[in-house]
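Quick note: the coordinates plus some simple rules give every number you see, no bench work behind them. A quick note: this is a predicted structure, and the numbers were derived from the prediction, not measured. Note that we place each Cβ from the backbone using ideal geometry, even for glycine, and neighbour counts take in every protein chain shown.
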Amino acid sequence: MQFITDSQYYEKTDHREDELSIFFGGKERHIVGGFEFGPYIHDFYGVQYCTHGGFTMYTSKAVIEVKAGDLYVVPPYTRVKKIFTEKSSGSYYIHVKGSEVENLLLSPGFSKDNILFPHKVTDTTVSLLEQMIDLLSTHIEMTIPEVDAPIIPKTITCGSSDDAAVRRMKRRGLFHLFVASLMEVSEIGGDDEHKLRTKEDYIRKATLFIERNYNFDINVDAVAKHVGLNRSYLYELFMDALGMSVQEFIISTRMQMACSLLGDPDLSIKSIAAAVRYDPISFSRVFKKSFGISPTEYREKNNL
């Protein structure tokens, strides 16, 4: 069994473990039926969408029949083997690391025991995935026309004129939009399980709204309107469930994202402040109140 790590791939990034990093991706154009790949295990999240055809995927816990239109996420340290069952199959895929990835992917309903997305994804979701791949410094396009043919991937260089730091930012933004698009599909899945019924449902919908929109000019009233509650009752729900107010959760979300952005040395403090909806002076004040040190000191302390 082969162990695959991110060091074998082309997008070299010195990201922190808590920083979202889309570091590799590819497009399988044609994989002939009968071809077998694996078993292998890796130390990153593998997000894959089957564009056409299909294959049988054997994981540590299940046997999954993957068909055209299926999206799935393989968590780190999961044993995987694939046997391609259709005459021709293809996929788009990205490899993602960072501690925030798990929390993001749990939002639309993935888990280590449920790696197949239960709904049909939209064209927008597929387009976001493809855009992330195209913004990598290089990605792989692969064709395997015969069962015993050697694997000879074709390396595609990024056609964007943006520099590496800008592309990293765009990929991160696209990944958040990608997850948000999956959440939207889950929320309108069509059955009663997706309707708001409990206090936990309201909290979940409110926190997801904040996490999706922290970089816009949102406030408590906007959150309350989104979930259909008055702000006083929503405040009580947040204090009971999370031990903080809605406004405190908005600030916390923005500060956690700021910590992630501070890991990119090409981004100025002013740019990061703007990204989380603050002017530089207010940002430094709120950041220091949250963590006890300034954004600059945070960078220096963490060798960022």
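Quick notes on this one:
- Remark: relative contact order (segment 41-84) = 50 percent; criterion is Cα-Cα distance under 8 angstrom and separation of 6 or more residues.
- Extension gain for the segment residue 204 to residue 85, taken as residue separation times 0.36 nm less the Cα-Cα distance, is 38.9 nm to one decimal.
- Length available on full extension from residue 99 to residue 290: 0.36 nm per residue minus the Cα-Cα distance, which gives 66.8 nm.
- One decimal place: the segment residue 124-residue 160 gains 10.9 nm when fully extended, by the rule 0.36 nm per residue minus the C-alpha distance.
- Packing-based order for 56-68, 130-142, using average beta carbon neighbours within 10 Å, highest first: 130-142, 56-68
- Percentage relative contact order, the chain, counting C-alpha pairs under 8 Å, at least six apart: 16 percent
- The residues neighbouring residue 133, those whose beta-carbon lies less than 10 Å from its own, together hold a net charge of -1 under the Lys/Arg +1, Asp/Glu -1 convention.
- Efficiency of FRET between residue 142 and residue 242 - r from beta-carbon atoms, R0 41 angstrom, step 0.05: 0.35
- DSSP bridge orientation in the chain - percent antiparallel, rounded to nearest 5: 85 percent
- Value of Rg to Rh for segment 2-184 (Rh from inverse mean 1/r over Cα pairs, i.e. Kirkwood): 0.93
- Under 18 Å from a label point set 7 Å out along the Cα-to-Cβ vector of residue 221, the amide N atoms of segment 247-264 belong to 247-248, 250.
- Against the main long axis of the alpha-carbon atoms of the chain, helix 231-242 sits at an angle near 60°.
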